[in-house]
Amino acid sequence: MSDLVRNYIGGQWVEARSGETFDSINPATEEVIAPIAKSGAEDVQAAVEAAKHAYKNWRLLPAPRRGEILFRVAQLLTERKEQLAQLLTMEMGKVIAEARGDVQEAIDMAFFMGGEGRRLHGYTAPVELPNKFGMAIRDSVGVVALITPWNFPIAIPSWKSLPALVAGNTVVFKPASDTPKLGAEFVRIFAEAGIPDGVFNVVLGPGGTVGNAIADHPDVRVISFTGSTEVGYEMYARAAKKGKKVSLELGGKNAIIVMDDANLDLAVEAILWSAFGTTGQRCTATSRIIVQNGIRPKLVEALVERAKALKLGYGIDPDVQVGPLINERARQTVAEYVEIGKGEGARMLTGGEIAGHGCGGVGYFYQPTLFDNVRADMRIAQEEIFGPVLSIIEVKTLEEAVEVNNNVKYGLSSSIFTENVNAAFHAIRDLTTGIVYINHGTIGAEIQFPFGGTRGTGNGMREAGQTALDTFTEWKSVYIDYSGRLQRAQIDTDSILGDA
Ligand code: NAD
């Protein structure tokens, strides 16, 4: 067990004001990784004050200089990639290859947003009066708060903090209470890269207390939240009362459509990777297969065989393919949904048991589970389970497949396997998710494109790409009149020809 992991406030590593702690647990071994500062509202207050103070200078530092600090962050993340990935597998449980991918995503984002320091584009447009100039520029907002889940403990904080910082804001960051050490290590890299004191603060602790204090604080102008739809909506309502801008990235119920003309082997590979990678704990994980009737028997047979052969265990071992669930509560949720599926009349083909893998029978493991004969309106086909449970739904046509895909309360990611270009383009047009893949699973987003979803997955905002800047900036429209006289817009336009 390592030393106490502290908050980082105003450039100092400090204990929670209460002196209380909680433990971070390795989900594969159930061992304590480290004691963690258990913060409360007074720690949030201190962090917001530090961020507010630091904002005065940070916003004035030219954006290319801010970008240079992000390039140093990218460099340090690259140097520490393996070390961070090992800690990631320990604290969150995903297998080591995926943990490296999690860190790589942050490296990619740091280089991308470092470059934004020399872009942060606004625009000009012609104006309607002579001797006048108009432009729209992006302005920083002030103190922004980032609340993140445990499933991408390095990548998701990077999606939020890097655009927020390059745009000139200062940050209060609350990582998930299941992955607090990774949150602190992430911030440590910024400190080492030379981020000024108070610009990036981390407050560790439970969602309710710390999250609510953030939502209520009058000096926090923007909240960027990723997590469950339930908590996200609560946060949204609470923050709305204070007029804050909120960006929400929430749950998913993503599907892969497999048409009769699909490349079967490719579809099987993609389904296994999308459904059971990260133990089904990705917001973009595939939890529904919508399969055309002709190809269904072969697909089902191949999936059962391959799902049974997946190797569970502690993901530090590079041969392990599926790690544990994040905690016992998550495993119980999966077990409950499996009972619900059975009760609804779905046919379980494999899995459905708590798995005794891991280190000597410990760890929050659950077998990869496949349900067939699932109807589109069953709860297991509608609700986010966030675990290794996959439902197979049969359809006859592309139109029916699209309807089943769209008819859930979430709208994050979808995919279709077909060799028919017309079917692919129909799907692109008609699938109503924020992300669509053709001949690829539902996971694998790249950081230069907008990331997010429709319906219950969010509130219309997007992360990643340049769209991420919309969350962390306000538009400022600037009019410069160099005519030397009062020119009234919309009123004095008639006399222009004579005046020009
Ligand atoms: P969660 O909603 O339980 O927690 C998310 C964050 O909110 C954590 O930091 C948590 O401590 C905090 N929190 C919890 N209760 C709070 C409260 N009352 N007030 C304020 N903050 C509170 O979600 P989770 O279990 O950490 O993550 C899993 C969920 O995240 C899944 O639903 C998944 O689909 C979603 N997710 C979405 C995306 C996306 O981009 N759409 C990405 C990853 C995960």
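Nothing in this text is a laboratory measurement; each read-out follows from the coordinates by a stated rule. Nothing here was measured: the structure is a model prediction, and the numbers come from that model. For neighbour counting, all protein chains shown are included, and Cβ atoms are generated from backbone atoms with ideal geometry for every residue, glycine included.
A compact table of results
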{"quantity": "Geometric extent, Cα atoms of the stretch 439-500 - Rg, Dmax (angstrom)", "calculated": "22.1, 63"}
{"quantity": "Computed P(r) (all Cα pairs; the stretch 272-323; 10 Å bins; percent)", "calculated": "23, 46, 26, 5, 0"}
{"quantity": "Per-residue ³J(HN,Hα) for the stretch 260-267, Karplus 6.51 cos²θ - 1.76 cosθ + 1.60, θ = phi - 60°, Hz, x for Gly and Pro", "calculated": "4, 8, 5, 6, 4, 4, 5, 4"}
{"quantity": "Antiparallel DSSP beta bridges within the chain, as percent of all bridges there, nearest 5", "calculated": "40"}
{"quantity": "Only Lys, Arg (+1) and Asp, Glu (-1) charged, at Cβ; the chain dipole about Cα centre in debye", "calculated": "1120"}
{"quantity": "Kirkwood Rh and Cα Rg combined as Rg/Rh, the stretch 1-119", "calculated": "1.04"}
{"quantity": "For the stretch 422-428, Karplus couplings with θ = phi - 60° (6.51, -1.76, 1.60), whole Hz, Gly/Pro x", "calculated": "5, 4, 4, 6, 4, 5, 4"}
{"quantity": "Overall Cα dimensions of the stretch 332-479 - principal axes, largest extent first, Å", "calculated": "66, 42, 25"}
{"quantity": "Kirkwood hydrodynamic radius of the stretch 246-333, from inverse mean 1/r over distinct Cα pairs, in Å", "calculated": "14.5"}
{"quantity": "Helix-derived mean residue ellipticity, 222 nm - over the chain, DSSP H n ≥ 4, -39500 (n - 2.57), to 500", "calculated": "-11500 deg cm²/dmol"}
{"quantity": "Size-normalised alpha-carbon gyration radius of the stretch 62-148, reference 2.2 N^0.38 Å", "calculated": "1.60"}
{"quantity": "Furthest towards positive pole of dipole, A47, A184, G93, structure part the chain, Cβ charges", "calculated": "A47"}
{"quantity": "Span from the the stretch 256-279 Cα centroid across to the the stretch 114-137 one, whole angstrom", "calculated": "46"}
{"quantity": "The stretch 148-218 and the stretch 30-108: distance between their alpha carbon centers, rounded to Å", "calculated": "7"}
{"quantity": "From phi via Karplus (6.51, -1.76, 1.60), per-residue ³J(HN,Hα) for the stretch 88-93 in Hz, x at Gly/Pro", "calculated": "5, 5, 5, 8, 10, x"}
{"quantity": "Fraction of antiparallel bridges per DSSP, the stretch 364-500 only, in percent to nearest 5", "calculated": "30"}
{"quantity": "Tail fraction, Cα-Cα pairs, the stretch 72-227, threshold 22 Å, whole percent", "calculated": "44"}
{"quantity": "Diffusion constant of the chain at 25 °C, which comes from Stokes-Einstein with the Kirkwood Cα-pair radius and 0.890 mPa s, µm²/s", "calculated": "102"}
{"quantity": "Where N is the number of residues in the stretch 149-205, Cα Rg divided by 2.2 N^0.38 Å", "calculated": "1.03"}
{"quantity": "Overall dimensions of the stretch 181-271 as given by Cα atoms, namely Rg and Dmax in Å", "calculated": "19.6, 58"}
{"quantity": "Separation of alpha-carbon centers, the stretch 304-374 and the stretch 380-449, rounded to whole Å", "calculated": "23"}
{"quantity": "Radius of gyration, Dmax [the stretch 269-415; alpha carbons; angstrom]", "calculated": "14.8, 49"}
